[in-house]
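Structure record follows, encoded as structure tokens.
The values are calculated or read from the model by the stated rules, or taken from the named source; none is laboratory data. Given the structure is predicted, the values throughout are model-derived calculations rather than measurements. Using ideal geometry, Cβ is built from the backbone for each residue, glycine included, and neighbour counts are taken over all protein chains shown. Ligands, DNA and RNA are excluded from the accessible area calculation, which covers all protein heavy atoms including side chains. Shrake-Rupley method; radii C 1.70, N 1.55, O 1.52, S 1.80 Å.
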Amino acid sequence: MAYQDLREFIGTLEKEGELKRVRAEVDPVLEITEVVQRLGREAIPHRLKPRSSHGSNAGANPSTPNLSGLGPALLFEKPKGSRVPLLINAFGSVRRMCLAFEVNDLSEVADRIQGFLKMETPQGLFDKIKMLPKLAELGSFFPKNVSKGACQEVVRQGKDVNLFDFPILKCWPQDGGRFITFPLVFTKNPETGKRNVGMYRMQVYDERTTGMHWQTQKHGAEHFRRAREKNPEGRIPVSVAIGTDPATALAGMLPIPPDLDEMMFAGFLRREPVQMVACQTNELEVPANAEIVLEGYVTLNEMRTEGPFGDHTGFYSLEGEYPVFHVQCVTHRKEPIYLTTVVGPPPQEDFYMGHAVERIFLPVMKMQYPEIADVSMPAEGIFHNLMIVAIRKSYPGHARKILNAIWSLGQAMFTKVIVVVDHDVDIHNYSEVVWKALCALDPQRDVQFSLGPMDTLDHAARMQDFGSKMGIDATRKWASEGFTRPWPDEIRMDEETKKRVEELWKTLSLD
Ligand SMILES: Cc1cc2nc3c(=O)[nH]c(=O)nc-3n(C[C@H](O)[C@H](O)[C@H](O)COP(=O)(O)O)c2cc1C
Ligand SMILES: [Mn+2]
């Protein structure tokens, strides 16, 4: 059975030795961030996958799989100034991501997705019958409306609404204020009525008002624009759920297509539909198991300065103008738990979330581009700055095609630098990538620049949201690509010699 709520996940984390309780009083203003930074973190994890057998010389990279992450999840029982306990770092390791999705390896989630993608249009009656169970399974993931939810055990409206009841973090010294960092923001497409759920940070301006950091390419921003076109003076209903069962909580950050309901996807991930309950004061529904729900609206003719905010780039994202969320009603459980996260210099908790996205969506990429063998995003690349792609090259210019493909693939469009290598490079071994990519390069010939949308957080782009990208074709060059010199083999000892020396080894007394 899927986790019924955040508490059940906390129980599992505790049982698995993945969670520590902090009973001392700690201030959500800066102190909690600093505690998290001091957890037993190792160097930036360079390998999250066991080494693959092909391609590399054994022993070339000393780093080993790093599964320990950023120390344990922490439950702060007494955040200063609030009666609500705070959970952080809940997803800060590969193991905890696996526990969240109830799998032993993230590839299991990927395999399930691939199973559904493989459902081709059935031809004959027999094929149709064969597919029925799968289709039924797909249908069974649709969110279910229920009439009551634990998230509404306590209802506060009007003057009783006070966001400062909750231990909302001020993460870093130059932050513009306190920010809700792990929300599920619910809106409806004003034209189709379809739901969107996104994880967008919210700066707290006062007891009942927050910012709504909808970056311009995101689905929430699109709902805002479409509604504003129709009625510039109007408002749209917005509800925010904080602290649900883990798969649902994570669904908000998944890069899935517009109008694909994140709650359906969450149901798929947890193999059980998400139960949704109607909000008290607007027309939206939220997960019934949420710890805390904020209900209200965003006005379409109002923008307010948001930021600065210490971001996952490791730098502050500077002030910008963003929509404003007015909270009319807060509902919560009797004793709610506040779920949050800190972003900052990599790696932070979001690295492990992004890593899961990388692994889970690889089959989707491969489905569209079967030549893609693997993809890797180093922590220092903060996802949108660097993607390494291994391809099975089949025709001249193939690597260039993949550059263009990635720049047009959902949120991968933000990728600032793409390095394409041949499929026999172990792309999770960054020393191997640097070595082989640089050896394969004639920079003037192999580097390609392009212009396009940039991540809002990119502070080096010539203007916000728009800038240049670089693609590097680091594959072996072919004669059919105009490269007529011979290409050398990689040095490898022959098997026979290796075997002989293996037999000799003990007599050499070198161990
Ligand atoms: C910790 C964290 C914080 C995030 N904060 C924001 C944010 O403030 N604004 C934003 O547009 N995206 C933010 N994102 C990324 C979005 O959640 C992600 O792009 C998601 O796919 C957006 O949903 P959408 O595709 O339905 O718009 C954040 C992601 C994480 C993991
Ligand atoms: Mn979406």
Residues of the range 6-26 that turn out to be assigned to a strand (DSSP E or B) and open to solvent by 80 Å² or more (accessible area, probe 1.4 Å), as a count:
4
Which residues, counting only those in the range 169-183, are more than 11 Å from ligand 1 (Cβ to nearest atom) and in a loop (DSSP other than H, G, I, E, B)?
172, 173, 174, 175, 176, 177
So, in the range 205-217, of the ones that are open to solvent by less than 40 Å² (accessible area, probe 1.4 Å) and either within 14 Å of ligand 2 (Cβ to nearest atom) or in a loop (DSSP other than H, G, I, E, B) (or both), which residue ends up farthest from residue 161 (Cα to Cα)?
215
Go through (1) assigned to a loop (DSSP other than H, G, I, E, B); (2) of a type outside the set (A, V, I, L, M); (3) farther than 17 Å from residue 381 by Cβ; (4) open to solvent by 20 Å² or more (accessible area, probe 1.4 Å) and name the single condition residue 450 misses.
(1)
Test: residue 176 is within 16 Å of ligand 2 (Cβ to nearest atom) and either within 30 Å of residue 257 (Cα to Cα) or in contact (Cβ under 8 Å) with a residue 24 or more places away in the chain (or both):
no
Would you mind stating whether residue 222 is open to solvent by 10 Å² or more (accessible area, probe 1.4 Å), within 11 Å of ligand 2 (Cβ to nearest atom) and among the acidic types (Asp, Glu)?
yes
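For (1) more than 16 Å from ligand 1 (Cβ to nearest atom); (2) part of a helix (DSSP H, G or I); (3) touching a Gly at 6+ places or on another chain (Cβ under 6 Å), each residue gets a yes or a no:
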position	(1), (2), (3)
123	yes, no, no
129	yes, yes, no
134	yes, yes, no
142	yes, no, no
151	yes, yes, no
167	yes, no, no
185	no, no, yes
193	no, no, no
203	no, no, yes
Only one of (1) open to solvent by 20 Å² or more (accessible area, probe 1.4 Å); (2) assigned to a loop (DSSP other than H, G, I, E, B); (3) of a type in the set (A, V, I, L, M, F, W, C) fails for residue 361. Which number is that?
(2)
Selection from the range 225-235 of residues that are more than 16 Å from ligand 2 (Cβ to nearest atom), assigned to a helix (DSSP H, G or I) and of a type in the set (Lys, Arg)
228, 230
Mind checking which pairs have a first residue in the range 244-263 that is within 11 Å of ligand 2 (Cβ to nearest atom) and a second that is open to solvent by 30 Å² or more (accessible area, probe 1.4 Å) and among the small types (Gly, Ala, Ser), Cβ under 9 Å, 6 or more apart or different chains?
255/410; 256/410; 257/410
Only one of (1) surrounded by 11 or more Cβ atoms within 10 Å (Cβ to Cβ); (2) without any contact (Cβ under 8 Å) to a residue 24 or more places away in the chain is not met by residue 459, so which one is it?
(2)
Conditions (1) open to solvent by less than 10 Å² (accessible area, probe 1.4 Å); (2) out of contact with any Lys or Arg (no Cβ under 6 Å at 6 or more places or on another chain); (3) within 16 Å of ligand 1 (Cβ to nearest atom): number failed by residue 296
(3)
Pick from 338, 316, 297: which is aromatic (Phe, Trp, Tyr), more than 22 Å from residue 159 (Cβ to Cβ) and away from ligand 2 (no atom under 16 Å from the Cβ)?
316
Residue 157 - would you say it is surrounded by fewer than 18 Cβ atoms within 10 Å (Cβ to Cβ) and among the polar types (S, T, N, Q)?
yes
